[in-house]
1. Quick one: which of Asp28, Asp18 is surrounded by 15 or more Cβ atoms within 10 Å (Cβ to Cβ) and charged (D, E, K, R)?
2. Suppose we keep only residues that are under 12 Å from the mean Cα position of the chain (by Cα) and in contact (Cβ under 8 Å) with a residue 24 or more places away in the chain within the stretch 72-82. Which one would you say is surrounded by the most Cβ atoms within 10 Å (Cβ to Cβ)?
3. Working only within the stretch 1-28, note down all residues that are among the hydrophobic types (A, V, I, L, M, F, W, C) and closer than 17 Å to Arg97 by Cβ.
4. Testing Ser43 on (1) free of Cβ contacts under 8 Å to residues at least 60 places away in the same chain; (2) surrounded by 15 or more Cβ atoms within 10 Å (Cβ to Cβ); (3) assigned to a helix (DSSP H, G or I); (4) polar (S, T, N, Q), one condition comes back false. Which one is that?
Amino acid sequence: MFLETLEVARKAVEIASDKQASDIVLLDCRGVCSFADYFVICSGESERQIKAIYEEVEQALKKKGILPHHREGTSDSGWLLLDFGDLVVHIFATFEREYYRLDELWSKAIPVIRIQ
C-alpha cells in the first residue's frame, strides 16, 4: 500500500463521517486479531446510506491505489464489509450492529478513534 494501514483506516473513518455514518469506531486489533491490524466499524440509518458509505470508502481508497481484497454483504442485508487485508471496514444497519456486537466481540482491541 502507498499509505500506512493506520492512515488508510483514518481515511475510511473520515469518509464514513463525511457520509453521516454514526457511532464510528477505529480499533487497533493487532494484539488480539490474526487476520487484520485495524477494524473500522460504523452504522448507517438506511440501506441507501449504508450503500453510499460503502461506495464512497471503496472509491476514495481506489483513487489512492488501494483496492479491497474481498467484499461481503448487500445493503439490504444490513451489513457490508470491505476487506483491505490489514484493514477491514464494517458498515452496519443499527439492528445488525446490535445483533452481531462486534464492538463487544473485539473489546480487547484498542480504540483509536470513536465518533458518536
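1. Of Asp28, Asp18, the one residue that is surrounded by 15 or more Cβ atoms within 10 Å (Cβ to Cβ) and charged (D, E, K, R) is Asp28.
2. Leu80
3. Hits for the stretch 1-28 are Ala12, Val13, Ala16, Ala21, Ile24, Val25, Leu26, Leu27.
4. With respect to (1) free of Cβ contacts under 8 Å to residues at least 60 places away in the same chain; (2) surrounded by 15 or more Cβ atoms within 10 Å (Cβ to Cβ); (3) assigned to a helix (DSSP H, G or I); (4) polar (S, T, N, Q), Ser43 is out only on (3).
Every read-out reported here was derived from the displayed coordinates using simple, explicitly stated rules and does not represent laboratory data. All figures in this text were calculated on a predicted structure; none of them were measured in a lab. Neighbour counts are summed over all protein chains in view; Cβ atoms, including those assigned to glycine, are modelled from backbone coordinates with ideal geometry.
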